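What follows is a short report on a single structure.
The values are calculated or read from the model by the stated rules, or taken from the named source; none is laboratory data. Here the structure is a predicted model, which means the values were calculated and not measured. Neighbour counts run over all protein chains shown; Cβ positions are idealised from the backbone, glycine included.
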């Protein structure tokens, strides 16, 4: 299992007139969490794209337990529960407020795809090598 | 069952550097579809808020089948499969491209809540009356 | 002078916790207005990109006179005051609420650039021909 | 003069299909910079709102010199050149890429307004006291 944590400060643009973070913006929090999870093992998603692999999102499931508010410093805990076998990878995100309360859970599934031929691919070996020690 | 359709033109801000609509923006398409579904029965979500009821989203599940691209005119088909019994309502969205292909499926669950006491409520009677004839 | 009008319905995602449209979203309204202005003369910005020309924004000036609110149906009046002589084009936008009050003014300057060599270019002739009759 | 610097990592949602940050998102970078500038003197914009003062944006002018790209770590330098005399305050933002090149300049003017009566107000004394030593 591979887990990392990233902090995000809520700015005004993310709020809506209910006085909370608009539900549609959580997908961005998962994305930031995934990006930082990859960076922490010494890789970036930008590197992956430079190898000709893109990772389109094909499924997201979000559950909203408590609201996030303006100026909150939320923590996104991103977990890779298992290494991908084929072309699919699932990131699990849990978001906490400053009181340590779980406010949101997200599961995001992405494909590895070769950008030139737009066909399913696999996790690049260079990334797999770095991740294997956690599993 | 109550179903409506709404068209949305994809503008540049919704695209990302993969050349497709960023996955996180589909929640907005579901929201626009829901809003127009309510408007078509002679009501608005704004009216609901004016009655002291807010409808926070508590669950979203999105499946991405095909990309949407810049300048596409997508159709959001929003369906209410059943009238809510208690405080929860589920809207089902299917999004189609101009070729009539299904590109995205979304299920969004919302609560009815009294804004003053922030406790669970029910669908306002005035809205229920308008919807009942479809079920 | 070439002027067109486009209507936009304000959805929830565009509001912030002040209960009004977040100021940063007006750039999207100008963009939608420009896009529809080009479409109305029988062209699209997508066509322009297909010709190898992109139009990056290089200057925006926005003045906020009155707020726009959730569910408002705003009108974006987009005006091209003069045909571009060189590589630069300026669109002037005025946004009105349903009471006909002017709520926002925007001036957006864009460049014509050849995407392959990333150097300044000119308005495509096919577009200029369509616009010339208005000037 | 009061100047602070804030770093922002560009995530995917901020890019568009030109492969750069969408121009409309820079208003958010200015907002984040302003927020952090206020935080660094031991205050927050949230505190200001808690005092019954809101700060709507009434004018933005942005100049785009170079693009920002995915995964760039940009620096927003926010400067208050003078203390506000009446109800108006102007923040000047300069944004730099990792090579130290200036990529964007923004000037944002905001009003101080009493939220209850929605009339023009002044900078709260508690904030002015903290800022005065820089001028």
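Which ones in segment C:91-106 are surrounded by fewer than 16 Cβ atoms within 10 Å (Cβ to Cβ) and not in a strand (DSSP E or B)?
Residues satisfying the conditions are C:98, C:99, C:100, C:101.
Do you know which residues across segment C:32-46 are in contact (Cβ under 8 Å) with a residue 40 or more places away in the chain and under 11 Å from the mean Cα position of the chain (by Cα)?
C:32, C:33, C:34, C:36, C:37, C:38
For segment B:36-53, check the following and say yes or no: at least one residue is closer than 21 Å to residue A:118 by Cα and touching a strand residue (DSSP E or B) at 6+ places or on another chain (Cβ under 9 Å). No, segment B:36-53 contains no residue that is closer than 21 Å to residue A:118 by Cα and touching a strand residue (DSSP E or B) at 6+ places or on another chain (Cβ under 9 Å). The lone criterion from (1) closer than 27 Å to residue B:56 by Cα; (2) modelled with pLDDT under 95 left unmet by residue A:43 is number (1). Here residue A:21 fulfils each of the conditions (1) more than 14 Å from the chain's Cα centre (by Cα); (2) surrounded by fewer than 19 Cβ atoms within 10 Å (Cβ to Cβ) apart from (2). Of the residues screened, residue C:118 is one that is out of contact with any strand residue (DSSP E or B) (no Cβ under 8 Å at 6 or more places or on another chain), surrounded by fewer than 16 Cβ atoms within 10 Å (Cβ to Cβ) and within 13 Å of chain D (Cβ to nearest Cβ).
Is it the case, given these coordinates, that residue A:109 is away from chain B (no Cβ under 14 Å), part of a strand (DSSP E or B) and within 13 Å of the chain's Cα centre (by Cα)? Here the answer is no, as residue A:109 does not meet what is asked. For residue C:44, indicate whether it is crowded, with 18+ Cβ neighbours inside 10 Å and more than 10 Å from chain D (Cβ to nearest Cβ). No; evaluated as a whole, the condition is false for this residue. Evaluated against (1) under 30 Å from residue D:88 (Cβ atoms); (2) in contact (Cβ under 8 Å) with a residue 24 or more places away in the chain; (3) in contact with a strand residue (DSSP E or B) (Cβ under 6 Å, 6 or more places away or on another chain); (4) not in a helix (DSSP H, G or I), residue C:26 falls short on exactly one condition, (4). Scanning segment B:29-38 finds no residues that are assigned to a loop (DSSP other than H, G, I, E, B) and either within 20 Å of residue B:4 (Cβ to Cβ) or modelled with pLDDT of 95 or more (or both). Which pairs do you get when a residue that is closer than 14 Å to residue B:40 by Cα, found in segment B:118-135, comes within reach of a residue that is in a helix (DSSP H, G or I), reach meaning Cβ atoms under 7 angstrom, with the pair 6+ apart or on two chains? Between residues of segment B:118-135 that are closer than 14 Å to residue B:40 by Cα and residues that are in a helix (DSSP H, G or I), the close pairs are B:127/B:48. Taken over segment D:6-22, the residue count meeting the criterion of being within 21 Å of residue C:117 (Cα to Cα) and within 12 Å of chain C (Cβ to nearest Cβ) is 7.
Reported count of residues in segment B:1-15, each being under 18 Å from residue C:32 (Cβ atoms) and either at pLDDT below 95 or in contact with a strand residue (DSSP E or B) (Cβ under 8 Å, 6 or more places away or on another chain) (or both), is 7. Residues in segment C:57-68 that are crowded, with 17+ Cβ neighbours inside 10 Å and more than 20 Å from residue D:30 (Cα to Cα): C:68 only. In the set (1) in a loop (DSSP other than H, G, I, E, B); (2) away from chain D (no Cβ under 14 Å); (3) in contact with a strand residue (DSSP E or B) (Cβ under 7 Å, 6 or more places away or on another chain), residue C:84 fails one condition alone, (3).
Here segment B:47-74 is the region considered, the condition is being touching a residue at least 60 places away in the same chain (Cβ under 8 Å) and assigned to a strand (DSSP E or B), and the residue that is farthest from the other protein chains (Cβ to nearest Cβ) is B:74.
Residue selection: residue D:103 satisfies the criterion of being within 14 Å of chain C (Cβ to nearest Cβ) and either over 20 Å from residue C:22 (Cα atoms) or out of contact with any helix residue (DSSP H, G or I) (no Cβ under 8 Å at 6 or more places or on another chain) (or both). Scanning segment C:84-111 for residues that are over 22 Å from residue C:29 (Cβ atoms) and at pLDDT 95 or above returns a single hit, C:87.
Taking the numbered list (1) within 11 Å of another protein chain (Cβ to nearest Cβ); (2) within 23 Å of residue A:30 (Cβ to Cβ) in turn, residue B:38 passes all entries but (2).
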